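As structure tokens, the structure follows; a few thoughts come after it.
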Amino acid sequence: MTAPIAAILIAGPTASGKSALALALAERFHGVVVNADATQVYADLRVLSARPSDADVARAPHALYGHVDGAISYAVGSWLQDVEGLLNGGRLPIVVGGTGLYFDALTRGLSAVPEIAPEIRERWRGAGADVDLHAELATRDPVMAARLRPSDPQRLMRALEVIESTGRSLSLWQQETAAPLLAPETTLRLALAPDRSALDLRIARRLEVMLEEGAAEEAERLVSRGLPGGAPVLKAVGVFSFAAWKRGEIEREEAIERTRLDTRRYAKRQSTWFRNRMADWRHVAPEDAEGAALDALAIRGVEGR
């Protein structure tokens, strides 16, 4: 017997149209749109993260958007705690975003790694190109080093900060994974897979809209806060390029081109993650996604208005 639908999950690269799909489904099925994007949680990134507009929010309830100050390092564990209370709130949760780790933790569980000391996290996040991260990890935690590629700095830094902060390999912590909040069989899971050239055009158009809405000014305000260099909020695409333009350090056209290229690279990394880590999801073209969702929900007995 088919399990009832507890939530709809929609993943996709930036600018792929996933938020519009989530909103359409929320209106049709009396749902609440729940953010699963690590940049859209920050109050400082309304424009640069392309958060839903006031008009969108008026059409259907939205949750976990812009509720975190940029000075806070908001990790996946914090997001899981926040999202747990929304899963049984009377409305169908429609979880949408581009942060694969959020979906991974939601449907597979999160390992019980303790909070990392801020000074340790800052040191490794600021190491960058000055340290051979893979060689350093091979010395401290050869088990994790054997699992990770030298070209994956984010995961290497994570493994290094865990071994230093806890004295225990991340591989051991990962064996102690809590039960997931959602069993995969109780969800409809869609991963948007847009055509690359079409996505590039969408990215370029969205950048134009962002500039009109004050993206550069938002970036300058954020950088002016003087947050630590490793603050997650500062990793949002466009922050430093647009701030540099507003400060007269580069020309407008260069800032736009840098941001466009960085956004394309980010979208490519997201798409690679979704293909590799979400192979059991239904991968659909954005233009086919709503029809695919409605068909799947009808089969599962979910009725809209």
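Restricting region 125-137 to residues that are among the small types (Gly, Ala, Ser) and surrounded by fewer than 17 Cβ atoms within 10 Å (Cβ to Cβ), which is nearest to Pro61 (Cα to Cα)?
Start the filter on region 125-137 by keeping residues that are among the small types (Gly, Ala, Ser), which leaves 126-129, 135.
Narrowing the set further to residues that are surrounded by fewer than 17 Cβ atoms within 10 Å (Cβ to Cβ) leaves 126, 128-129, 135.
Details: Gly126: 38, Gly128: 40, Ala129: 43, Ala135: 47 Å.
Filtering region 125-137 for residues that are among the small types (Gly, Ala, Ser) and surrounded by fewer than 17 Cβ atoms within 10 Å (Cβ to Cβ), the one nearest to Pro61 (Cα to Cα) comes out as Gly126.
If a residue has to be hydrophobic (A, V, I, L, M, F, W, C), touching an Asp or Glu at 6+ places or on another chain (Cβ under 9 Å) and closer than 23 Å to Thr177 by Cα to count, how many in region 121-144 make the cut?
Residues that pass the stated criteria total 0.
Given the conditions (1) of a type outside the set (Ser, Thr, Tyr); (2) closer than 17 Å to Gly89 by Cα; (3) touching a helix residue (DSSP H, G or I) at 6+ places or on another chain (Cβ under 8 Å), report the number of the one that Ala24 does not fulfil.
With respect to (1) of a type outside the set (Ser, Thr, Tyr); (2) closer than 17 Å to Gly89 by Cα; (3) touching a helix residue (DSSP H, G or I) at 6+ places or on another chain (Cβ under 8 Å), Ala24 is out only on (2).
Having 2 or more residues that are farther than 25 Å from Gly17 by Cα is the bar; report the helices (runs of 4 or more DSSP H) wholly within region 126-233 that clear it. Let's see the steps before the verdict.
On the way: elements: 133-140, 142-147, 153-166, 170-174, 196-212, 215-224.
In region 126-233, 133-140, 142-147, 153-166, 170-174, 215-224 are the helices (runs of 4 or more DSSP H) which contain 2 or more residues that are farther than 25 Å from Gly17 by Cα.
Name the single residue that is surrounded by the fewest Cβ atoms within 10 Å (Cβ to Cβ) among those in region 99-124 being under 24 Å from Asn35 (Cα atoms) and among the aliphatic types (A, V, I, L, M).
Top of the filtered list is Ala112.
Are there any pairs, at least 6 apart or on different chains, whose C-beta atoms fall under 6 Å, with the first in region 246-270 and farther than 30 Å from Val96 by Cα and the second surrounded by 14 or more Cβ atoms within 10 Å (Cβ to Cβ), and if so, which?
Between residues of region 246-270 that are farther than 30 Å from Val96 by Cα and residues that are surrounded by 14 or more Cβ atoms within 10 Å (Cβ to Cβ), the close pairs are Lys246/Ala216; Lys246/Glu220; Ile250/Ala244; Arg252/Trp245.
Of the residues in region 219-236, how many are among the charged types (D, E, K, R), out of contact with any Lys or Arg (no Cβ under 7 Å at 6 or more places or on another chain) and modelled with pLDDT of 95 or more?
Residues flagged as among the charged types (D, E, K, R), out of contact with any Lys or Arg (no Cβ under 7 Å at 6 or more places or on another chain) and modelled with pLDDT of 95 or more within region 219-236 amount to 2.
Only residues that are touching a Ser or Thr at 6+ places or on another chain (Cβ under 8 Å), among the aliphatic types (A, V, I, L, M) and assigned to a strand (DSSP E or B): list them for region 1-45, please.
Quick first cut of region 1-45, residues touching a Ser or Thr at 6+ places or on another chain (Cβ under 8 Å) only: 3-9, 13-15, 33, 36-40, 42, 45.
Still in the running and among the aliphatic types (A, V, I, L, M): 3, 5-9, 15, 33, 36, 38, 45.
Correct list: Ala7, Ile8, Leu9, Val33.
Return the residue satisfying two criteria in turn: it lies in region 51-66 and is touching a strand residue (DSSP E or B) at 6+ places or on another chain (Cβ under 9 Å) and under 17 Å from Glu218 (Cβ atoms), and of such residues it is surrounded by the fewest Cβ atoms within 10 Å (Cβ to Cβ).
To start, the set of residues in region 51-66 that are touching a strand residue (DSSP E or B) at 6+ places or on another chain (Cβ under 9 Å) comprises 51-52, 56-57, 60-66.
Those still in the list that are under 17 Å from Glu218 (Cβ atoms) too: 51-52, 65-66.
Working: Arg51: 22, Pro52: 22, Tyr65: 20, Gly66: 17.
The residue in question is Gly66.
Considering each residue of region 160-183, count those that are over 20 Å from Ile120 (Cβ atoms) and touching a Leu at 6+ places or on another chain (Cβ under 9 Å), and give that number.
Going through region 160-183, the residues over 20 Å from Ile120 (Cβ atoms) turn out to be 175-183.
Subsequent filtering for residues that are touching a Leu at 6+ places or on another chain (Cβ under 9 Å) retains 177-178, 180-182.
Here the count works out to 5.
Find all pairs meeting these conditions: Cβ atoms under 8 angstrom apart; at least six residues apart or on different chains; first residue within region 68-87 and more than 14 Å from Arg225 (Cβ to Cβ) and in contact (Cβ under 8 Å) with a residue 40 or more places away in the chain; second residue among the β-branched types (Val, Ile, Thr) and buried (at least 16 other Cβ atoms within 10 Å of the Cβ).
The qualifying pairs are Tyr74/Val41; Tyr74/Val68; Trp79/Val41; Val83/Val34; Val83/Val95; Leu86/Val32; Leu86/Val34.
The rows are residues; the columns are (1) in the same structural domain as Ala20 (by TED's automatic domain parsing); (2) outside any helix (DSSP H, G or I); (3) buried (at least 17 other Cβ atoms within 10 Å of the Cβ); (4) modelled with pLDDT of 95 or more.
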{"site": "Ala255", "(1), (2), (3), (4)": "yes, no, yes, yes"}
{"site": "Arg258", "(1), (2), (3), (4)": "yes, no, yes, yes"}
{"site": "Trp273", "(1), (2), (3), (4)": "yes, no, yes, no"}
{"site": "Gly291", "(1), (2), (3), (4)": "yes, no, no, yes"}
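Among the candidates Ala216, Ala204, which residue alone is touching a Phe, Trp or Tyr at 6+ places or on another chain (Cβ under 8 Å), at pLDDT 90 or above and within 21 Å of Pro52 (Cα to Cα)? Walk me through how you get there before you give the answer.
Numbers: Ala204 fails: touching a Phe, Trp or Tyr at 6+ places or on another chain (Cβ under 8 Å).
Of Ala216, Ala204, the one residue that is touching a Phe, Trp or Tyr at 6+ places or on another chain (Cβ under 8 Å), at pLDDT 90 or above and within 21 Å of Pro52 (Cα to Cα) is Ala216.
The values are calculated or read from the model by the stated rules, or taken from the named source; none is laboratory data. Computed from a prediction, not measured in an experiment: that's the story for all the values here. Note that each Cβ is placed from the backbone with ideal geometry, even for glycine, and that neighbours are counted across all protein chains shown.
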